[in-house]
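Below you'll find the structure, written out as structure tokens, and then a few comments.
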Amino acid sequence: MTRGMTEWADGRTGRTVTWPAPDAYVLVDGVLLRTVPEPPGLPPGTPVTVRRDRTRPLPVAREDTGAAAE
């Protein structure tokens, strides 16, 4: 994933689509992003927030218990 796309996705919400361990694909505003899920094993349809993590090559998808979960 390009750095520009990672920066664009930082802080956006979406839902997991697939999870071919150890990665997860997340749909954000019509764009499918490859991410690292936290916690691992999030099932499809889980609301997440995408965050940039400079220590990892892929953005992190963290389970969202806030507005995206409604």
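The values are calculated or read from the model by the stated rules, or taken from the named source; none is laboratory data. A quick note: this is a predicted structure, and the numbers were derived from the prediction, not measured. Heads up, the Cβs are rebuilt from the backbone with ideal geometry, glycines too, and the neighbour counts pull from every protein chain shown. Remember, those area values only see protein heavy atoms, side chains included, never the ligands or the DNA or RNA. Shrake-Rupley method; radii C 1.70, N 1.55, O 1.52, S 1.80 Å.
Per the listing Arg51, Arg62, the residue uniquely in contact with a strand residue (DSSP E or B) (Cβ under 6 Å, 6 or more places away or on another chain), open to solvent by 70 Å² or more (accessible area, probe 1.4 Å) and under 16 Å from Trp8 (Cβ atoms) is Arg51. Could you tell me whether segment 31-43 includes any residue that is acidic (Asp, Glu), assigned to a loop (DSSP other than H, G, I, E, B) and out of contact with any Cys (no Cβ under 9 Å at 6 or more places or on another chain)? No, every residue in segment 31-43 fails to be acidic (Asp, Glu), assigned to a loop (DSSP other than H, G, I, E, B) and out of contact with any Cys (no Cβ under 9 Å at 6 or more places or on another chain). Can you find even one residue in segment 1-18 that is in contact with a Leu (Cβ under 6 Å, 6 or more places away or on another chain), free of Cβ contacts under 8 Å to residues at least 60 places away in the same chain and open to solvent by 50 Å² or more (accessible area, probe 1.4 Å)? Yes: one or more hits.
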